[in-house]
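The values are calculated or read from the model by the stated rules, or taken from the named source; none is laboratory data. Only a predicted model underlies this, so the values are computations on that prediction, with no experimental measurement involved. Positions of Cβ are backbone-derived with ideal geometry, glycine not excepted, and every protein chain shown enters the neighbour counts.
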Amino acid sequence: MLMKQVTIHEAKTHLSLLIQEVLAGEEVIIAKGKKPLVKLVVLPEARQQRRIGGAPGFVKFMADDFDAPLEEFEDYM
């Protein structure tokens, strides 16, 4: 998870952008000067639902033996 700290003034100026970043998984801390005060969080009911196939083309290459047993773990099989 990424973390970002902004001042109160920056938060007021860029609130909609900060909300989008939090919805995308970034942690945003709002500080007075350099002293952290609050954290923006996503409410559970506002979280985006995960969906199968949401990242087509993400895997560029997969070796033919991808799921073959590893030699290091033979003793455990």
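Of the listed requirements (1) over 30 Å from T7 (Cα atoms); (2) at pLDDT 90 or above, P36 misses just one: (1).
Within region 26-77, the set of residues being among the polar types (S, T, N, Q) and without any contact (Cβ under 8 Å) to a residue 12 or more places away in the chain comprises Q49 only. Among the residues of region 44-61, is there at least one that is out of contact with any Lys or Arg (no Cβ under 6 Å at 6 or more places or on another chain), modelled with pLDDT of 90 or more and surrounded by fewer than 10 Cβ atoms within 10 Å (Cβ to Cβ)? No, region 44-61 contains no residue that is out of contact with any Lys or Arg (no Cβ under 6 Å at 6 or more places or on another chain), modelled with pLDDT of 90 or more and surrounded by fewer than 10 Cβ atoms within 10 Å (Cβ to Cβ). Considering only region 2-15, state which residues are part of a loop (DSSP other than H, G, I, E, B) and surrounded by 13 or more Cβ atoms within 10 Å (Cβ to Cβ). The answer is H14, and nothing else. From the set of residues in region 16-41 that are in a helix (DSSP H, G or I) and exposed (fewer than 14 other Cβ atoms within 10 Å of the Cβ), which is farthest from the chain's Cα centre (by Cα)? Out of the qualifying residues, it is S16.
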